[in-house]
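The values are calculated or read from the model by the stated rules, or taken from the named source; none is laboratory data. Every value quoted in this text rests on a predicted model; they were computed, and no experiment measured them. When we count neighbours, we look across all protein chains shown, and the Cβ atoms used for this are built from the backbone with ideal geometry, even at glycine. Side chains included, ligands, DNA and RNA excluded: accessible areas come from the protein's heavy atoms. Shrake-Rupley method; radii C 1.70, N 1.55, O 1.52, S 1.80 Å.
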Amino acid sequence: MPSASHPGSSTFAGAAVLLTTLLATAPSAASAADRYPTRNFEVEVTEIAAGLEHPWAVEVLPDGAYVVTERPGRLRIIRAGDVGKPIEGLPKLFVGGQGGLLDVALSPDFSTSRKLYFTASIPGPGGQGTALFSANLDKDERKLENLTQLFAMNRFTGTGQHFGSRIAITGDGNLFFGIGERGEMDRAQDPNDHAGSILHITQDGRPGPGNPFVENGKGLPEIWSKGHRNPQGIVIDKKDGTLYTVEHGARGGDEINAPKAGHNYGWPIISYGKHYSGAEIGVGQAAEGYDQPLYYWDPSVAPGAIDIYHGAMFPEWEGNFLVAALKYELLARIEHGEGGAVENEERLFQGEYGRLRDVKVAPDGSILLLTDEDDGKLLRVTRAP
């Protein structure tokens, strides 16, 4: 991992990398052909659908339609620009603060099994917490069947923030997902608390292979790594199988990490940010026993999701990180080399479409974006002709 002096901030003095910002000049609302220059070529942004209430996640169905979650507790299908009625069969949710219906992910065999997974905040003893479910989408796309709760965090509280949570599926069908420390930062260092962790389970809810505490009993068996503040993006690189997360810092210190089994990523012992009051966090930016991030932002961009570009439409961006950001309303394209070390960042669409919650590379190589607004939109980025 890089040392404390690694080029992980987009602003700190002496950084070895050159970071540039692209300020687009296209109209502020999506149309049939919004065009934007990038460092390599021009792209077009097309509005696929609107009228979504704080959409959180999007996946592409085998026939090219989209399944989208809305945080207030709705799952919908978008086909040919038409937004379908809410799909029935969701569990009882806690909707409030940052909680509600969160990520959705399709099983690798969805085309035959119709199985999907989703995360949500749910009510329970002590308050609310993050849970993960599986279900089958019926062939009429009207309801969920065989709803199963695969996991729920072990301690619910009354706080309304830092639920996480996104899902990444391995080639053999196991699940990685993140949970924030629920606004109670010391929980991120407790190995007997699911909060502030990356979790790893099998598709039937058992602890995943390779988890660090399965054999020694020194922590909860579902935990993969600890010391995470609020991981809201997670992806497995299709090229080499590396797991990456993007997570919120406090006032500064948003991070990209590559979580490894049994490793600790420092929150709240180390951080490149400060408390919202301006007070220092923990012991500083580095300490023995805590991994450094691959990259961090200061000031915060408030990352919403991460994907890795592999596709035919933008070969110049092959292998780049794509990070949707809420606070600065942008898409960050990040070039990185061996081991994930960041080499360059380009900021796209800053301030043009509002808060960007999700980013997903579609099977055809286009890039999908969701805007986290009362009137949220599904947007598609393609190469301009």
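In table form, for the structure just shown:
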{"read-out": "Interchain or long-range residues, amide H under 5 Å from GLY304's placed H", "value": "ALA324, ALA325, LEU326"}
{"read-out": "Solvent-accessible area, 1.4 Å probe, carbon plus sulfur percent, for segment 59-110", "value": "49"}
{"read-out": "Assigned charges on the beta-carbon of Lys, Arg, Asp, Glu; segment 243-306 dipole about Cα centre (debye)", "value": "80"}
{"read-out": "Lys/Arg +1, Asp/Glu -1 at C-beta; segment 58-114 dipole; positive extreme among TYR66, LEU93, SER113", "value": "LEU93"}
{"read-out": "Share of pairwise Cα separations in segment 56-167, more than 18 Å, in percent", "value": "45"}
{"read-out": "Amide proton proximity set for SER165, modelled H, under 5 Å, gap of 5+", "value": "ASP103"}
{"read-out": "The chain: most fluctuating residue of ALA33, ALA258, ALA57 per GNM, C-alpha cutoff 10 Å", "value": "ALA33"}
{"read-out": "GNM flexibility winner over the chain from ALA105, ALA195, ALA302 (Cα, springs under 10 Å)", "value": "ALA105"}
{"read-out": "Highest-MSF residue in the chain out of ALA120, ALA168, ALA286 [GNM, Cα springs under 10 Å]", "value": "ALA286"}
{"read-out": "Probe 1.4 Å, all protein chains present, accessible-area order of LEU90, LEU378, largest first", "value": "LEU90, LEU378"}
{"read-out": "List MET185, MET313, ordered by accessible area with a 1.4 Å probe, largest first", "value": "MET185, MET313"}
{"read-out": "Whole-number accessible area per residue in Å² for the chain, which is evaluated in the context of all protein chains at 1.4 Å", "value": "38"}
{"read-out": "Inter-site label distance for ASP374 and ASN192 at 7 Å from Cα along Cβ, in nm", "value": "4.6"}
{"read-out": "Carbon + sulfur, % of accessible area of segment 229-360 - ligands and nucleic acids excluded, 1.4 Å", "value": "47"}
